Amino acid sequence: MGGLGSGRQFGRRTTNQVTSINIKSISGYDLEYASYQIRYKYQDKPVEHNVQITNTPCNYGGVRYWFKCPHCRGRVGVLYLSGVQCACRKCFKLAYKSERETWHDQQFRKADNLRALLGWQPGIAHADGYKPNGMHWKTFYRLKAEHDVYVQRIFGHTAAWCAKVQARQQAPM
């Protein structure tokens, strides 16, 4: 229980497995109109959805635009297209990819995100790089220390898992 590779690997589809359209991606479109037309082909058949657009005022002026989900009528920033249907994440019962990650995968992802901020090659097996130009030393040391914490957690967890596996193999049957 709780070893490497454990956790829910299969279950609900995730948002990255379904085609999506973000309200921010249609910013060139005149959003003052009350609806937006989504057209695409599914199995060589044209599919068309008329989606309503609404807006809310922002605190410091301006407005924020939203899609209205065709199924639940909720305000959403992203609509998902699955087959001939168009709906929000909740209506399609989609999970985010990060919701299905194991603890071990989360540590790897967090370490890789820090490596990207530092301009280093992804993957903890690669050597640490140098301080990026323009980054303050204080920021560099803070990010590097945070990265090292994740790496130590990964190594500690992996070592404990290896010890457990080795103990199982050496146990008398």
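Observations on the structure shown:
- For the stretch 101-170, with +1 on Lys and Arg beta carbons and -1 on Asp and Glu, the positive-most of Trp120, Trp103, Leu143 along the dipole: Leu143
- Cα→Cβ-extended label distance, 7 Å offset, between Asn16 and Asn55, nm: 3.4
- Computed over the stretch 16-92: relative contact order in percent, which uses C-alpha pairs under 8 Å that are six or more apart: 28
- Full-extension gain in nm, Ala159 to Ala116, via 0.36 nm per residue minus C-alpha separation: 12.9 nm
- Extension gain for Ser25 to Thr102 (0.36 nm times residue separation, less C-alpha to C-alpha distance): 24.6 nm.
- Debye intensity ratio in log₁₀ form over the Cα atoms of the chain, taken at each q of 0.09, 0.20 Å⁻¹: -0.57, -1.17
- Sites His126 and Ala167 - FRET efficiency at Förster radius 25 Å, r taken between beta-carbons, to 0.05: 0.20
- Dipole orientation for the stretch 16-92: of the candidates Ile26, Tyr80, Val51, Tyr80 has the Cα lying most toward the positive pole (charges on Cβ; Lys, Arg +1; Asp, Glu -1).
- Packing here is the average count of other Cβ atoms within 10 Å per residue, and on that basis the peptides 38-47, 143-152, 16-25, highest first, run 143-152, 16-25, 38-47.
- Using C-alpha pairs below 8 Å separated by at least 6 residues, the relative contact order for the chain is 19 percent.
- Gln85-Lys45 pseudo-label distance in nm [points 7 Å out on the Cα-to-Cβ vector]: 1.5
Any read-out appearing in this document is the output of simple, stated calculations on the displayed coordinates, not a laboratory observation. On a predicted model such as this, the values are computed, not experimentally measured, just so you know. Note that each Cβ is placed from the backbone with ideal geometry, even for glycine, and that neighbours are counted across all protein chains shown.
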